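One structure below.
The values are calculated or read from the model by the stated rules, or taken from the named source; none is laboratory data. The model shown is predicted, which means the values in this text are computed figures rather than measured ones. Virtual Cβ from ideal backbone geometry, glycine too; neighbours counted across all protein chains shown. Ligands, DNA and RNA are excluded from the accessible area calculation, which covers all protein heavy atoms including side chains. Shrake-Rupley method; radii C 1.70, N 1.55, O 1.52, S 1.80 Å.
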Amino acid sequence: MKHTENHEHARKTMVETQVKNRGIHDQNVLDALAKVPRHLFVSEVLQDSAYTDRPLPIDCRQTISQPYIVALMTEALQLSKDDSVLEIGTGSGYQAAVLAEICKTVYTIEKYPELLDKATSVFRRIGYKNIVTKTDDGTLGWPENGPYDGIIVTAGAPKVPRLLLEQLAEGGRLVIPVGNVTNQKLLSLTLEGEGVKEKRLGDCRFVPLRGEHGW
Ligand code: SAH
């Protein structure tokens, strides 16, 4: 019980100091971050660090993003409750859970079955019923369930995978880090008719996106 209260307190402080104070004002995003128990998505030894201002290691040499980056990317997707979203790189499952609080259905693809098994058991434990998962190469997207109102890539890509843009609905947003292995620009791309509007959200450093249209 004491632990639960500590985590809840740490989560509130995280939202105030790391997210709100840095300019994230979308109430849906703030509410989702205040609700999702981030500590359940990391290993037991890291649970007390779950609400600190940094990324943390998960299995298979991957990482769970810093809370602020999760908030920034989620805000850029501009999702509402009837929307469906595709995530590439389930990892711990934390970002997918944040999305599941905001929109109707989250489709998420992970390369490593071990990571997906863990994430799926956390989704079950918390009670998410609107997250659909598969193990695959996410750079190919998931055309069967598209088009999507938003697509989020949580690993660094060498370039924007064309297939992902093709699976966006008109007006849909693709949020993706693009660059080299150690340094990327976080981009938000909006599909507008025949064209794509690009917005830069800042510099970032994600683990590499592998696969056919990745590294
Ligand atoms: N969104 C995650 C962060 C995961 S880190 C979270 O909230 O915890 C990036 C993840 O992308 C890793 O788990 C990695 O295995 C996965 N990944 C890398 N290339 C991929 C690909 N082509 N398809 C699917 N997942 C991929």
Heavy-atom accessible area per residue, the stretch 84-215, 1.4 Å probe: how many Å²? 45 Å²
Connecting C-alpha atoms closer than 10 Å in a GNM of the chain, tell me which of Val106, Val45, Val36 has the biggest fluctuation. Val45
List the residues, sorted by chain then number, that are 5 or more residues from Ile64 or on another chain and whose placed amide H is less than 5 Å from its amide H. Leu56, Ile58
For the pairs Lys159/Lys199; Lys35/Lys81; Lys35/Lys104; Lys20/Lys134; Lys20/Lys81; Lys111/Lys159, flag any whose C-alpha to C-alpha distance is greater than 24 Å. Lys20/Lys134
Suppose we keep just the DSSP beta bridges with both residues in the stretch 112-199; what percent of those would be antiparallel, to 5? 70 percent
Phi-derived 3J(HN,Hα) across the stretch 90-102 with the Karplus relation (6.51, -1.76, 1.60, θ = phi - 60°), rounded Hz, x for Gly and Pro, is 4, x, 6, x, 4, 4, 4, 5, 4, 5, 5, 6, 9
If you take the alpha carbon radius of gyration of the chain and divide it by 2.2 N^0.38 Å, what ratio comes out, to two decimals? 0.94
Using only Cα atoms and rounding to the nearest 10 degrees, what angle (0 to 90) does helix 2-14 make with the longest principal axis of the chain? 50 degrees
A 1.4 Å probe over the protein heavy atoms gives the stretch 23-179 a carbon and sulfur accessible-area percentage of 49 percent
Using θ = phi - 60° and the Karplus curve 6.51 cos²θ - 1.76 cosθ + 1.60, what whole-Hz ³J(HN,Hα) does each residue of the stretch 189-202 get, with Gly and Pro shown as x? 10, 10, 7, 10, x, 7, x, 10, 9, 10, 10, 9, 9, x
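Expressed in nm to one decimal, what extension gain is obtained for the pair Glu194 and Leu46 from 0.36 nm per residue of sequence separation less their Cα-Cα distance? Let's see the in-between values first.
Numbers: separation 148, 0.36 × 148 = 53.28 nm, distance 4.59 nm.
Gain in length upon complete extension: 48.7 nm.
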Rounded to whole Hz and in sequence order, give me ³J(HN,Hα) for the stretch 72-84 from the Karplus expression 6.51 cos²θ - 1.76 cosθ + 1.60, θ = phi - 60°, writing x for Gly and Pro. 4, 5, 5, 4, 5, 6, 6, 8, 10, 5, 9, 7, 10
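Report the FRET efficiency, 1/(1 + (r/R0)^6), for Asn21 and Glu144, where r is their Cβ-Cβ distance and R0 is 35 Å, rounded to 0.05.
Details: r = 41 Å, r/R0 = 1.17.
Step by step, r from the Cβ atoms, then E = 0.30.
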Accessible area in square angstrom per residue, the stretch 14-60, 1.4 angstrom probe: 51 Å²
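Go through 170-178, 198-206, 150-158 and give me the packing order, highest mean Cβ count within 10 Å leading.
Working: 170-178: 21.1, 198-206: 14.2, 150-158: 24.7.
Top to bottom by mean Cβ count within 10 Å: 150-158, 170-178, 198-206.
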Please state the shape class of the stretch 161-215: rounded when a/c is under 1.5, otherwise prolate if a/b exceeds b/c and oblate if not, all from the C-alpha gyration tensor. oblate
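Using only helices, what value at 222 nm comes out for the chain when you add -39,500 (n - 2.57) per DSSP H run of length 4 or more and divide by the total residues, to the nearest 500 deg cm²/dmol?
Counting only the DSSP helices, I get -8500 deg cm²/dmol.
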